[in-house]
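A quick write-up on the structure given underneath.
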Amino acid sequence: MFRGFFVKTISFVGYTVQYGCIAHCAFEYIGEFVSCSGPSMEPTITNHDVVFSKRVSRHLCRIQKGHIVIAKSPFDPKMNICKRVMGLEGDKVCTSGPSDVFKTHTYVPRGHVWLEGDNLRNSTDSRSYGPIPYALIRGRVCLKMWPPHSFGVLAESPNDGRIL
Amino acid sequence: MFRGFFVKTISFVGYTVQYGCIAHCAFEYIGEFVSCSGPSMQPTITNHDVVFSERVSRHLCRIQKGDIIIAKSPFDPKMNICKRVIGLEGDKVCTSGPSDVFKTHTYVPRGHVWLEGDNLRNSTDSRSYGPVPYALIRGRVCLKLWPPHNFGVLAESPNDGRIL
């Protein structure tokens, strides 16, 4: 009787590990659902929105300017950030604010990207911490899932002048 | 006859995907074998050495000063680098060379690590590209597997004076 119970437990654990691994690989290579928080991407993405982030673009290195990406935070390896790509390696990006008199620019180093939130007044992004390595990007946000009235593809950048 | 062949192909693909996912998760969460190239970690690790890099420390955030780690390169998301951790976030690190008259120091920012190769004369590391985000670390090298006469745990840093 104990042996039957033992065998059942082992096979239950075996199936859990098996399907857990398959689910993990699906989230790793296909895409994942992400619940966003914070005001830095308003009005495109607001607090408590759920988006779908696909991983294929990141693995094939097809992230482009204007894409919204989920990346690991350079300051806290357990947190993720959600920002828009404003410049790829080699691009010229504007580091001064829209209201500054003197415009300053910089070039994005090799292997890095320049990220900015859509809500420029309330976003901590590359303007404060500099370009981040491309390898920190997890995936590209391609679809908003929640709330239902906002379901669909995400809008273009409201700060078009920033993408040079 | 075709249906039997079709069913066999589908189940073969199914098993391959299943065991591929389990193997991927084992490499992702337990450890992986890495073949190293380049002179930057001599004499501890030389060209064509094979080492075992465990992933558990990275996921549990238990990487410490003096550990040798494998990380994604900040300049090329498809390449990996193998260096020693000389400083963690908040630590003071020496940015001047051993032969410089004036010693300069800097503090490692939050969420970053300072990496240096053991072969200080022939290593491109944090002394040239600055601190690296902790999230780029893939795993900690704990065992050298090849060549057989060097099998075993890796040596301590030959540049002990660099770890403050």
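Bear in mind these aren't lab numbers, they're just calculated from the coordinates by the rules spelled out. Just so we're clear, the structure is a prediction, and the values are computed from it rather than from any experiment. FYI the Cβ positions are ideal-geometry reconstructions off the backbone, even for glycines, and counts take in every protein chain you see.
When the helices in the protein assembly as shown are scored as -39500 (n - 2.57) per DSSP H run of 4 or longer and the sum is shared across all residues, what 222 nm value do you end up with, to the nearest 500 deg cm²/dmol?
Working: 6 runs with 72 residues, N = 328.
Result for the protein assembly as shown, helices only: -7000 deg cm²/dmol.
Starting from the amide H of B:LYS83, placed 1.01 Å from N in the peptide plane, find each other amide H under 5 Å away whose residue is 5 or more places distant or on another chain.
Here the answer is B:ILE69, B:ALA71, since their amide H atoms fall under 5 Å of that of B:LYS83.
Please work through chain B and write down the cysteines that have no neighbouring cysteine Cβ at a distance under 4.7 Å.
Within chain B, the cysteines lacking a partner Cβ under 4.7 Å are B:CYS36, B:CYS61, B:CYS82, B:CYS94, B:CYS142.
Please go through the residue pairs A:LYS8/A:LYS54; A:LYS144/B:LYS78; A:LYS72/B:LYS103; B:LYS83/B:LYS144 and name each one whose alpha carbons sit more than 26 Å apart in this structure.
Working: A:LYS8/A:LYS54 37 Å; A:LYS144/B:LYS78 29 Å; A:LYS72/B:LYS103 34 Å; B:LYS83/B:LYS144 14 Å.
Pairs exceeding the cut-off: A:LYS8/A:LYS54; A:LYS144/B:LYS78; A:LYS72/B:LYS103.
Please provide three numbers in whole Å: the alpha-carbon extents of segment B:34-162 along the principal axes, with the largest listed first.
On the principal axes, segment B:34-162 reaches 43, 32, 25 Å in Cα extent.
So for the pair A:TYR15, A:THR106, with labels modelled 7 Å out along Cα→Cβ, what separation do we get in nm?
5.4 nm
What does the net charge come to around B:PRO158 if you take all other residues with beta carbon closer than 13 Å to its beta carbon, with K and R at +1 and D and E at -1? Don't jump to the answer; show the numbers that get you there.
Values: positive: B:ARG84, B:ARG121, B:ARG162; negative: B:GLU116, B:ASP118, B:GLU156, B:ASP160.
So the environment of B:PRO158 carries a net charge of -1.
Do any trypsin sites (Lys or Arg not before Pro) in segment A:70-121 lie in a DSSP loop with no more than 15 other beta carbon atoms within 10 Å, and if so, which? Walk me through the numbers before you get to the answer.
Working: sites: A:LYS72, A:LYS78, A:LYS83, A:ARG84, A:LYS92, A:LYS103, A:ARG110, A:ARG121; in loops: A:LYS78, A:LYS103, A:ARG110.
Answer in residue order: A:LYS78, A:LYS103, A:ARG110.
Using Cα atoms only, what is the angle between the long axis of helix B:2-29 and the major principal axis of chain B, expressed in degrees (0 to 90) to the nearest 10?
Once rounded, the angle reads 20 degrees.
Considering only B:ILE22, B:ILE69, B:ILE30, give the residue with the highest GNM mean-square fluctuation for chain B, with springs between Cα atoms whenever their separation is below 10 Å.
Maximum fluctuation in the GNM of chain B, among the listed residues, is at B:ILE22.
Using R₀ = 25 Å, calculate the FRET efficiency as 1/(1 + (r/R₀)^6) where r is the Cβ-Cβ separation of B:SER37 and B:SER96; round to 0.05.
E(calc), rounded to 0.05, equals 0.30.
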